[in-house]
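Notes for the one structure printed next.
The values are calculated or read from the model by the stated rules, or taken from the named source; none is laboratory data. Not measured: the values here are computed from a predicted model. Cβ placement follows ideal geometry from the backbone for every residue including glycine, while neighbour counts extend to all protein chains displayed.
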Amino acid sequence: MSRYSAHATAIIDERAKVGDGCEIGPYCIVGPDVVLGKAVKLISHVSITGRTTIGDRVRVFPFSSLGSEPQDLKFAGEATTLEIGANCTIREGVTMNPGTAGGGSVTRVGEGCTFLASSHVAHDCKVGNRVIFSNNVMLAGHCTVGDHAILGGGAGVHQFVRIGHHAFVGGLAGVENDVIPYGMALGNRAGLAGLNIVGMKRLGFTRETIQSLRHAYRLLFSNEGTLMERIADVEADDIAKDPYVREILDFIKAASDRSLCVPRTT
């Protein structure tokens, strides 16, 4: 039998699974199909419902709503899930919805992520590890966000967009198209504005790797030839042996519902 503490005003369904060391604060609601890992902390006024699983040591701040039915008019009450990995911080007013039958039936958030106040993760999204959402970030349905990506305050991401590993999206950006790994997207509507050099340096990327990525970027987004011709140029270059460059190439060549976010021409 698990051992946890709960405020007298909290409502915890007897069918919920609550891990050892959890702290459930005032006026929190935990539904019958919820699974809380060890040492989860719900500060106060948190609603967790639906088929929602939360990993160990996650902290959820007041007025967050996790697991309420997806904001999709096609949703008909089918059994879908929301999965949140360990060691995440979910600040005030954050909302996350489970998946839909048409999108794989699961919304999944990785480990060590930070979601600042009033950010939103919609149905069927896949968010990687150690991702940061600043305040009021809006992630529409079916999006994919890679590991270590950072989205600035007020950024809005169109449904089905892919954001690659280590990418940076600037504040208030409207992202309609896929952002390459290590890319930096700015503006409304967002255009590619170089590589996330600051982020890579913070994470200890070598000078040689950054130079290879810069060279690949210049080739891929030059004004000469078609995109497929430029991809071929990079693949014929020695830099294509670099696994990080290869990641960008594979990302661009993968099937997607959206176009590619590219530099502005004016």
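Taking the stated definitions as given, is G225 of a type in the set (G, A, S), assigned to a loop (DSSP other than H, G, I, E, B), without any contact (Cβ under 8 Å) to a residue 24 or more places away in the chain and farther than 24 Å from G85 by Cα? The answer is yes for G225. Quick one: in the stretch 45-57, which of the residues that are within 28 Å of G102 (Cβ to Cβ) and assigned to a loop (DSSP other than H, G, I, E, B) is nearest to the chain's Cα centre (by Cα)? By that ranking, first place goes to G55. Among the residues of the stretch 228-254, those that are among the charged types (D, E, K, R) and either under 21 Å from E208 (Cα atoms) or in contact (Cβ under 8 Å) with a residue 40 or more places away in the chain (or both) comprise D233, E235, D237, D238, K241, D242, R246, E247, D250. Residues in the stretch 211-266 that are within 17 Å of H165 (Cα to Cα) and of a type in the set (V, I, T): V245, I248, I252, V262. Being surrounded by fewer than 15 Cβ atoms within 10 Å (Cβ to Cβ) and either in a loop (DSSP other than H, G, I, E, B) or assigned by TED's automatic domain parsing to the domain that holds G110 (or both) is the requirement here; does D147 meet it? No; evaluated as a whole, the condition is false for this residue.
For the stretch 62-81, indicate whether the set of residues that are over 24 Å from the mean Cα position of the chain (by Cα) and in a loop (DSSP other than H, G, I, E, B) is non-empty. Yes, that holds for at least one residue. In the stretch 18-38, the condition of being within 20 Å of the chain's Cα centre (by Cα) and either surrounded by 23 or more Cβ atoms within 10 Å (Cβ to Cβ) or not in a loop (DSSP other than H, G, I, E, B) (or both) is met by no residue.
Taking the criterion of being in the same structural domain as A79 (by TED's automatic domain parsing), within 20 Å of T114 (Cα to Cα), charged (D, E, K, R) and without any contact (Cβ under 8 Å) to a residue 40 or more places away in the chain, would at least one residue in the stretch 17-27 satisfy it? Yes, the stretch 17-27 contains a residue that is in the same structural domain as A79 (by TED's automatic domain parsing), within 20 Å of T114 (Cα to Cα), charged (D, E, K, R) and without any contact (Cβ under 8 Å) to a residue 40 or more places away in the chain. Across the stretch 164-207, the number of residues qualifying as aliphatic (A, V, I, L, M), in a strand (DSSP E or B) and over 15 Å from the mean Cα position of the chain (by Cα) comes to 6.
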